1. Do me a favour and compute the ellipsoid semi-axes for segment 1-98 from its Cα gyration tensor, root of five times each eigenvalue, largest one first, whole Å.
2. So which of 118/165; 100/131; 179/206 end up more than 20 Å apart by C-alpha?
3. Residue 202's amide H: which non-local residues (gap 5+, or another chain) put their own amide H closer than 5 Å, with H modeled 1.01 Å from N in plane and none for Pro or chain starts?
4. Averaging sequence separations of C-alpha pairs under 8 Å and six or more residues apart, then dividing by the length of the chain, give the relative contact order as a whole percent.
5. If R₀ is 35 angstrom, what is the calculated FRET efficiency for the pair residue 74 and residue 171, using the beta carbon separation as r and rounding to 0.05?
6. Please report the spacing between the Cα centers of segment 189-221 and segment 101-154 in Å, no decimals.
7. Subtract the Cα-Cα distance of residue 113 and residue 179 from 0.36 nm times their separation in residues, and report this length gain in nm to one decimal.
8. If you count only protein heavy atoms with a 1.4 Å probe, what accessible area per residue comes out for the chain, rounded to a whole Å²?
Amino acid sequence: ISSSMQFPKSTLENPKDTQNKFIFSALGAASMMNLFRRQRDAFGLSLFDEVLRIHTPSKSSTAHYKLLLSHLEKVLNDPGELKGTQAAQVLHEIAERIHKRSLVLVFSDMMDDPARIKEVFAALQHLKHNKHEVILFHTVDRKKEVDFDYENRPHLFIDLETGEKVRLLPKEVEKEYKKQMLQLHEQITMTCLQYKIDLIEADISKGYKPILQAYLAKRSRMSV
């Protein structure tokens, strides 16, 4: 629930707005929880930015499902501003607090400090070491964040987690930006392969089918 997940600017009230990454993730998580509830599987919810804000036990009841929806709704209605990310330390904490062998679904844009990305994967490896299965839904707005598809006119870019601003023409940085994003994506892909973490690119413009398919494929393999 860090502020980078609030990109692009959008609200639930205006149906013409594009979903941002958190709205997409919240609705995706809510859909998965509803599926678990119908299957009578226990499920929990963890929400974090710089610290672990919410971490619930795993239950399968309808009352529990409604409680978790209320946690998501609270953030949807009041996301806050300038909230950073400390994914590594939080994932280590979650790994220690989940006791039973579980399937862990992580919705994240992986927009952490590049210098700390190895620490994030060490924390994901901690989950694997504790015998959990992990699916990482790399949540992105591919058009804007990966393809850097902007009109070549002056834009004011704002870091949603620090408030830092820079004004520039997209073409001035497009080549270097795409190069660094490609390097990040390759690092994420190779590390997930190394640690046997299922990696799914969850493009917010592509809907929820990839998420459901990834879960069903993972569940099928776990049942064999």
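1. Output for segment 1-98: semi-axes of 23, 19, 10 Å.
2. Check vs 20 Å cut-off fails for 118/165; 179/206.
3. Residues meeting the criterion, in which the H sits 1.01 Å from N, are 138, 139, 140.
4. With pairs under 8 Å counted, the relative contact order is 20 percent.
5. Calculated value: 0.30.
6. If we compute the Cα centre of each part, the gap is 11 Å.
7. My answer for the length gained is 22.1 nm.
8. Ligands and nucleic acids excluded, the result is 59 Å² per residue.
The values are calculated or read from the model by the stated rules, or taken from the named source; none is laboratory data. All values reported here derive from a predicted model rather than from experimental measurement. With ideal geometry, Cβ positions are generated from the backbone for all residues, glycine too; neighbour counts draw on all protein chains shown. These accessible areas exclude ligands, DNA and RNA; they are computed on the full protein's heavy atoms, side chains included. Shrake-Rupley method; radii C 1.70, N 1.55, O 1.52, S 1.80 Å.
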